[in-house]
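Each remark here refers to the structure printed beneath this line.
The values are calculated or read from the model by the stated rules, or taken from the named source; none is laboratory data. Fair warning: this is a prediction, and the values are worked out from it, not measured in the lab. Don't worry about glycine lacking a Cβ; one is built from the backbone with ideal geometry, like all the others, and counts go over all protein chains shown.
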Amino acid sequence: MFIHHRTKGYILKRENISEADQVFLIYTRDFGKIKVSAKAIRRLNSKLRSFVQVFYLSEIEFIQGKVLKTLTDAILIQRFDSIRKNLLKLRLAYSFSKIFNALVKNQEADEKLWQLLNGFFQSLEAEKLTPTKAQLIYYFFFWNLLSILGYGPELKSCVFCRKKVTPDRFFWIAGEGGLVCKNCLDKVKARIGKIDIQTLKVLRLMINHELDRDWKTLKKLKIDLKIIRNLKIISKRYFNHIYEKR
C-alpha cells in the first residue's frame with residue numbers, strides 16, 4: 001500500500017517525458033529537493049496541469065514509486081503573476097533556480113534553504129525592479145545561498161594567517177575562499193583577483209542570514225554601477241570555483 005505525502009513546494013523545473021507525462025523538480029519544505037513524475041499532465045483534460053507550473057508555489061501530494069515519486073494531487077497556493085509578466089523578473093527567476101538546482105542536493109530538507117527560496121520569490125514578486133535593483137536582489141540571494149550551504153567566503157580575515165585585513169592590504173582569491181592579505185600572497189596557488197573596499201562592504205552587508213531585515217536595508221542604499229559590475233565578476237568566478245570542486 002502506497003503512503004501519500006503532502007507538502008508545500010516551489011516548482012523549479014519541468015521536463016517532458018513520453019507523449020503526455022512530465023517530470024518536475026520541486027523544492028519542498030518537508031522533503032527538500034525532489035523529482036516528481038506527473039502522469040498525463042500534458043493532456044488538456046488533466047486536473048493537475050493548472051496547479052503545477054514552473055515557479056508556482058503549490059501544495060502537492062505524491063507517492064513513492066520504485067524509481068520516481070508520482071504526483072497524485074496539487075493545490076495552487078501562489079502563481080507569482082508579477083514574475084511571469086515581467087521579462088526581467090522571469091530571467092532572474094530562471095537564473096537563480098539554475099544556481100539553486102546546481103548546488104542543492106536531492107532530498108535534504110532544510111528550513112533555512114526553504115526560507116531563502118521563499119524570500120527570493122516573494123521579494124522578486126513584490127519589488128518594482130530597476131536594472132540595478134534586479135542585479136542587487138539576485139546577488140543578495142546568491143551569496144546567502146552559498147553561505148547557508150557552507151560555501152560562504154571569508155570577508156574579514158586572511159584565509160591563511162587569520163589576521164584581520166586592513167583596507168589597503170588585501171586581495172580577493174576565489175580559489176582560496178575569500179580574502180588574502182599582502183603578507184600571505186606567496187602562499188596563493190589560485191588566480192589572484194581584487195575587490196575594492198566599497199564592494200567588500202556591500203558583500204559583508206549581504207551575508208548576515210537576517211534575510212528580510214538585510215534586504216530591506218540593502219535596497220535603500222544607492223549602489224554604484226561599478227559595484228554591481230564587480231559583484232558580477234567575483235560572483236561568477238566564485239561560483240565556478242565551488243562548482244568545479246564539487
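General remarks:
- Flag if ASN45 is surrounded by fewer than 18 Cβ atoms within 10 Å (Cβ to Cβ) and in the same structural domain as ASP214 (by TED's automatic domain parsing): no
- Considering (1) in a helix (DSSP H, G or I); (2) under 13 Å from GLY177 (Cα atoms), the lone condition that ASP212 does not fulfil carries the number (2).
- Against the numbered list (1) among the hydroxyl-bearing types (Ser, Thr, Tyr); (2) assigned by TED's automatic domain parsing to the domain that holds TYR151; (3) more than 13 Å from the chain's Cα centre (by Cα), THR72 comes up short only at (2).
- Candidate set from the stretch 188-209 (those that are assigned to a loop (DSSP other than H, G, I, E, B) and within 18 Å of the chain's Cα centre (by Cα)); member that is nearest to PRO167 (Cα to Cα): ILE207
- Some residue of the stretch 45-53 being more than 30 Å from LYS236 (Cβ to Cβ), out of contact with any Ser or Thr (no Cβ under 6 Å at 6 or more places or on another chain) and among the basic types (Lys, Arg): yes
- Exclusive hit being part of a loop (DSSP other than H, G, I, E, B), within 28 Å of LYS112 (Cα to Cα) and under 22 Å from the mean Cα position of the chain (by Cα), set ILE223, ILE227, ILE233: ILE223
- Pick from the stretch 128-174, criterion of a type in the set (Phe, Trp, Tyr) and in a loop (DSSP other than H, G, I, E, B), ranking: nearest to TYR94 (Cα to Cα): TYR151
- If you filter the stretch 187-246 down to residues that are of a type in the set (Gly, Ala, Ser) and out of contact with any Asp or Glu (no Cβ under 7 Å at 6 or more places or on another chain), you find that the one that is modelled with the highest pLDDT is SER235.
- The stretch 160-182, residues that are over 16 Å from ILE242 (Cα atoms) and under 25 Å from the mean Cα position of the chain (by Cα): none
- Residue in the stretch 66-87 that is among the small types (Gly, Ala, Ser), at pLDDT 95 or above and within 21 Å of GLU127 (Cα to Cα) present: yes
- LEU185 within 18 Å of the chain's Cα centre (by Cα), in a helix (DSSP H, G or I), without any contact (Cβ under 8 Å) to a residue 40 or more places away in the chain and closer than 21 Å to SER157 by Cβ: no
Yes/no per residue for (1) outside the structural domain of LYS128 (by TED's automatic domain parsing); (2) farther than 29 Å from PHE120 by Cβ; (3) buried (at least 16 other Cβ atoms within 10 Å of the Cβ):
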site	(1), (2), (3)
LYS182	no, yes, no
VAL202	no, no, yes
LYS216	no, no, no
LEU221	no, no, no
ARG229	no, no, no
